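Q: Here's a structure for you.
The values are calculated or read from the model by the stated rules, or taken from the named source; none is laboratory data. As the structure is a prediction and not an experimental result, all values here were calculated from the model. All Cβ positions, glycine included, derive from the backbone under ideal geometry; neighbour counts span all protein chains shown. Note: areas computed on protein heavy atoms with side chains; ligands, DNA, RNA excluded. Shrake-Rupley method; radii C 1.70, N 1.55, O 1.52, S 1.80 Å.
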Amino acid sequence: MGEEGTEGTVHLLCLAASSGVPLFCRSSRGGTPARQQLPFSIIGSLNGVHMFGQNLDVQLSSARTEDTIVVWKSFHDSITLIVLSSEEGTSELRLERLLQMIFGAMVLLVGLEELTNIRNVERLKKELRASYRLIDSFLVDSELIGDLTQCVDCMVSPEGSLLQEALSGFAEAAGTAFVSLVVSGRVVAATESWWRLGTPEAVLLPWLVGSLPPQAARDYPVYLPHGSPTLCLLCGPRPPLSQLDPQLLDRWWQPLLDPLRACLSLGPRALPAGFPLHTDILGLLLLHLELKRCLFTVEPSGNKEPSPGQRRHLLRSFYALVTATHFPPEPGQQEKVENAACLAQVPRACYQVSGTEEPGSGWRLVALHLGPRLLLLLLSAQSPTHGLRGLATHTLHALTPLL
C-alpha cells in the first residue's frame, strides 16, 4: 500500500456494523507499520456519518479533504471497514480494492459465519488477531501488486516446464489437486485446480504464506472467501506433514535444487535474466485479464533513477488512473456497449508524462490494451513520446508467450 518516497499515513478501521463497536484498528506510515491510533471520537464520527446516511437510504462510499481520502464499505450488513489515507497519489479505486482484500483476509482466517453472525464481540476481536499479519502486509510497502490488480503475481522461470512437471507429480503423489510453487510471493508453477481458485483466495493465499514467519513446513487451516467461506478446509489427513519431507520432497524436489535456487535469484525481477527488454524500460506491469495473472517488475535493468519504490508508486498510480478512466474497471470484465459506434470509442492506448515535459526530463508512462492483456510501461525520460505506442506494442508481443 505504502511506497518508498510517498510519506503519508494509512488508518484502517473495522467495526461491527450494527453496534459500531470497533473490532480493530491498523495503521502504517511511510510504507511501514505504525502504532499511531485514531482517537475514539474520530472513529465514532466516521462510523456515525456512515450510519446516518444509511438510515436515509444514502450510500456514503468516499469523501475527500485537502490531504486525505476516506473510503467506507460495508460487508453483509455486519462488518464496516473504513480506510483513511494521506499518501500522495492515492486513489479511491486503490482504497476500495484494499478494503475488498482486507475483508477477504478476515474471511480467509476467521470464516464468514463468525463475521456475519456476531455472537460475542470480545471473542471475535481475539479471533481476528490471527489476521493482523496478513492485513498489515496490505498496508505496507510491497514488491507485489495483486492487492491492487486483483490478479495473481507470477514469476517466469527459465526452467518453468521442468518445475511444472515436478509439481504435477508431487501433487499426485501427495493426493491433492491444489499445489503451487511460490517464490517471494509470486507463483512460479501451479496445478490446474489451483489456477481455478476464485478471487480473492488465489491472491490471498500467496500473500498469507509471505506474511508468516519462515518455517520449513506448516499446517494452516483456512477458509476460501469465494469457494468455501463457511467451511474450514485442510489439505487432507494423508500423508501426515511429518512424512512429506522424507517421502515426497526429496523424491520430487531434490533433483531440482539448482532450478529452485535460480528462482530465488530472480527475486523482484520476476523475468528470466537476459530476457530482451528495451533499455528505456524502467518497470512494467503485464496483466492477463481473463486468467487473472500478472507480471510486475521495476528492476528490468541496471540501477537508474527513480528508485524501485518510486517506480512501484508510479506504476501503481498509473494503473489506478487508467483502470478508473480508460479501461474496464474490473479484471476480465469488458464494459458493456450498446453498439459498434460505442465500441470504436473504447481507448486501446494512452500515455502520461510524469514531471516536466522538457526534452530529456520526466518519466513516460504508457498503457496498451490488446485482447485479454493490458501492459503498462514506465520509461525513461529519453524515450520519445511519438514512439511510445510502438515500443509498448513490441514489448507486449515479446511478453505474450510468458503470460
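Q: Hey, PHE75 hits all of (1) of a type in the set (Phe, Trp, Tyr); (2) in contact with a Leu (Cβ under 9 Å, 6 or more places away or on another chain); (3) over 19 Å from TYR132 (Cα atoms) but one; which does it fall short on?
A: Among (1) of a type in the set (Phe, Trp, Tyr); (2) in contact with a Leu (Cβ under 9 Å, 6 or more places away or on another chain); (3) over 19 Å from TYR132 (Cα atoms), the lone unmet condition for PHE75 is (3).
Q: Let me ask another. If you go through the stretch 199-210 one residue at a time, do you hit one that is at pLDDT below 80 and either in a loop (DSSP other than H, G, I, E, B) or over 30 Å from LEU271 (Cα atoms) (or both)? If you could, list the steps in order and put the result at the bottom.
A: Taking the stretch 199-210 as the starting set, the residues that turn out to be at pLDDT below 80 are none.
Checked against the condition, which is being at pLDDT below 80 and either in a loop (DSSP other than H, G, I, E, B) or over 30 Å from LEU271 (Cα atoms) (or both), the stretch 199-210 yields no hits at all.
Q: If you don't mind, another one. Select, from LEU38, LEU60, LEU23, LEU15, the only residue that is out of contact with any Pro (no Cβ under 7 Å at 6 or more places or on another chain), among the hydrophobic types (A, V, I, L, M, F, W, C), at pLDDT 90 or above and open to solvent by less than 80 Å² (accessible area, probe 1.4 Å). Spell out how you get there, then give the answer.
A: On the way: LEU38 fails: at pLDDT 90 or above; LEU60 fails: at pLDDT 90 or above; LEU15 fails: out of contact with any Pro (no Cβ under 7 Å at 6 or more places or on another chain).
Just a single option satisfies the conditions, and that option is LEU23.
Q: Determine, yes or no, whether VAL209 is in contact (Cβ under 8 Å) with a residue 40 or more places away in the chain, open to solvent by 20 Å² or more (accessible area, probe 1.4 Å) and closer than 21 Å to CYS263 by Cα.
A: On the way: in contact (Cβ under 8 Å) with a residue 40 or more places away in the chain: no; open to solvent by 20 Å² or more (accessible area, probe 1.4 Å): yes; closer than 21 Å to CYS263 by Cα: yes.
Criteria not met by VAL209.
Q: Could you say whether any residue in the stretch 139-155 is more than 30 Å from GLY274 (Cα to Cα) and touching a strand residue (DSSP E or B) at 6+ places or on another chain (Cβ under 9 Å)?
A: To start, the set of residues in the stretch 139-155 that are more than 30 Å from GLY274 (Cα to Cα) comprises 139-140.
Now narrow it down to the ones that are touching a strand residue (DSSP E or B) at 6+ places or on another chain (Cβ under 9 Å): 139-140.
For the stretch 139-155, residues more than 30 Å from GLY274 (Cα to Cα) and touching a strand residue (DSSP E or B) at 6+ places or on another chain (Cβ under 9 Å): present.
Q: Condition test on PRO214, is it open to solvent by 50 Å² or more (accessible area, probe 1.4 Å), of a type outside the set (Asp, Glu), at pLDDT below 90 and touching a strand residue (DSSP E or B) at 6+ places or on another chain (Cβ under 6 Å)?
A: Values: open to solvent by 50 Å² or more (accessible area, probe 1.4 Å): yes; of a type outside the set (Asp, Glu): yes; at pLDDT below 90: yes; touching a strand residue (DSSP E or B) at 6+ places or on another chain (Cβ under 6 Å): no.
No.
Q: Looking only at the stretch 79-91, decide whether some residue is closer than 30 Å to ASN117 by Cβ and more than 20 Å from the chain's Cα centre (by Cα). Walk me through how you get there before you give the answer.
A: Step one: list which residues in the stretch 79-91 are closer than 30 Å to ASN117 by Cβ, which gives 79-84.
When the remaining residues are screened for being more than 20 Å from the chain's Cα centre (by Cα), the result is 79-80.
Yes: one or more hits.
Q: Hey, another quick one. Go through the stretch 124-135 residue by residue and tally those that are open to solvent by less than 60 Å² (accessible area, probe 1.4 Å) and either outside any helix (DSSP H, G or I) or more than 11 Å from TRP207 (Cβ to Cβ) (or both).
A: Just the residues of the stretch 124-135 that are open to solvent by less than 60 Å² (accessible area, probe 1.4 Å), to begin with: 124-125, 128, 130-132, 134-135.
Then keep just the ones that are either outside any helix (DSSP H, G or I) or more than 11 Å from TRP207 (Cβ to Cβ) (or both); that gives 124-125, 128, 130-132.
So the answer is 6.
Q: Right, next: Determine which member of the set SER168, SER193, SER142, SER161 is more than 19 Å from LEU257 (Cβ to Cβ), free of Cβ contacts under 8 Å to residues at least 24 places away in the same chain and polar (S, T, N, Q).
A: Testing whether each residue is more than 19 Å from LEU257 (Cβ to Cβ), free of Cβ contacts under 8 Å to residues at least 24 places away in the same chain and polar (S, T, N, Q) leaves just SER193.
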